[in-house]
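*Asks:* Okay, here's the structure, questions in a sec.
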Amino acid sequence: VCFGSTTCWLEFCGHFSLQINNIHVVTNVAACYKFITGRLLGMDIEADIIEFKVPYENNKTLFIWDILPTLSEAFIYESILGIFSGFGALYLVKVCQNAAVVEPGFYAIVKYYSSAQASKAQRAADGKNLFQKSPVKVRLCTRQNPAFANDFKALSNSKCQQLANHYLGFNGWSTQMITLQDLSGGDDVCAGSDTQSLTLKYGCIVELTFPHHHARCRGMGVAEESFHNHPDHLELCLKRGHLQKWAKDKAVVDAFRKVLLVLLSNGKVAVECKFDPDEILPDEDLEGVIKVNDISWSECEGAGEEDFLSELSLNFSTCVEATSLRS
């Protein structure tokens, strides 16, 4: 995001990188939100970040209590889901009965992907008669398991699709299978040996595309299963299909793990993708990439120095192009 002489780069590590008048500053997300507020397009617009991971933060979890015992658990669930989903995408809605040591009734836990939407829902619903005659209390949770303080757990494939559909629409993203390969590596699988155990293993690469945002990224998934007794032909075919689908689902989840949604208060959504250093590049992005081979000197002990060097060639045009790109 550019504001004249100020540039802001969004990063996945939970920080923003700011360059103000050629001075490089690294700050946290909250501080950069304050900086962006009032500067973006000259309007009072705030931004919120959503990652495709299980939300564990306290500021994304609501605790609702003082729910009457005369209501059914199913009615409470549907009512809470309908009311609180109007503020944003929900990860979890859970309704439980009160403990035996307190008055009869129910309480509920609601998890959002966005902390801003959770805070807005808390302010709007606290002390209101939402679905019963008496008001309910709504608070942001204050207790958190320290074991999950810095844990990153990816969403399931279905949750990733639900979250993407909520903010981007059904036509806002698409997946394409690049490759699906059998990595079992053994002739006994095809031979159908009944005496040996076997392992089925499949690898898949999927490309995730966001056409309206000109962004894309790739994910990789591997699925395998071992058998002590060789299955029959029908069971083997079913297992192959199950592992192929499992590998594809893992690849889609891995691709969504690299996606970041930036929500603006005016309702617009931006998409950013993180690329790992070991990312498998698309074919059209391989131009200008230098291939480096690892040569073992022990293989060349018998050859003379001049004979060995004569077998090596160097493309200086590629080096010059790479040097100019680096500079």
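*Asks:* Which order do the peptides 96-102, 173-179 take when ranked by the mean count of other beta-carbon atoms within 10 Å per residue, highest first?
*Replies:* Result, highest mean first: 173-179, 96-102.
*Asks:* Suppose each label sits 7 Å from its Cα in the direction of the beta carbon; what would the His242-Asn129 distance come out to in nanometres?
*Replies:* 5.3 nm
*Asks:* Shifting gears a bit: Going by average Cβ neighbours within 10 Å, how do the peptides 163-169, 223-229 rank, with the highest at the top?
*Replies:* Highest mean packing first, the order is 163-169, 223-229.
*Asks:* Sticking with this one: Could you put Cys141, Cys204 in order of accessible surface area, largest first, with the 1.4 Å probe and the full protein assembly present?
*Replies:* Solvent-accessible surface, decreasing: Cys141, Cys204.
*Asks:* Do the alpha carbons of any pairs in Lys53/Lys133; Lys60/Lys268; Lys159/Lys239; Lys128/Lys250; Lys137/Lys159; Lys94/Lys250 sit beyond 31 Å of each other, and which pairs?
*Replies:* Over 31 Å apart, Cα to Cα: Lys53/Lys133; Lys128/Lys250.
*Asks:* Can you sort Asp48, Asp66, Asp232 by 1.4 Å-probe accessible area, starting with the largest?
*Replies:* Descending accessible area places them as Asp232, Asp66, Asp48.
*Asks:* Give me the extension gain from Leu234 to Glu73: residue separation times 0.36 nm, minus the current Cα-Cα distance, reported in nm with one decimal.
*Replies:* 53.6 nm
*Asks:* May I ask you to compute the full-extension gain from Leu183 to Ala215, defined as 0.36 nm times their residue separation minus their alpha-carbon distance, rounded to one decimal in nm?
*Replies:* The span from Leu183 to Ala215 would gain 8.5 nm if fully extended.
*Asks:* Using the Cβ atoms and a cut-off under 10 Å, what net charge is assigned to the surroundings of Ser174, where Lys and Arg are +1 and Asp and Glu are -1?
*Replies:* That sum, taken over residues with Cβ under 10 Å, equals 0.
*Asks:* Can you sort Phe52, Phe170 by 1.4 Å-probe accessible area, starting with the largest?
*Replies:* Sorted by accessible area, descending: Phe170, Phe52.
*Asks:* Relative contact order for the range 154-265: what percent, with Cα pairs under 8 Å and sequence separation of 6 or more?
*Replies:* Over the range 154-265, the number comes to 28 percent.
*Asks:* In addition: Compute the signed sum of charges (Lys and Arg +1, Asp and Glu -1) over the other residues within less than 15 Å, Cβ to Cβ, of Leu238.
*Replies:* 0
The values are calculated or read from the model by the stated rules, or taken from the named source; none is laboratory data. Since we're looking at a predicted model, the values are computed, not measured. With ideal geometry, Cβ positions are generated from the backbone for all residues, glycine too; neighbour counts draw on all protein chains shown. Please note that ligands, DNA and RNA were not included when accessible areas were found on the heavy atoms of the full protein model with its side chains. Shrake-Rupley method; radii C 1.70, N 1.55, O 1.52, S 1.80 Å.
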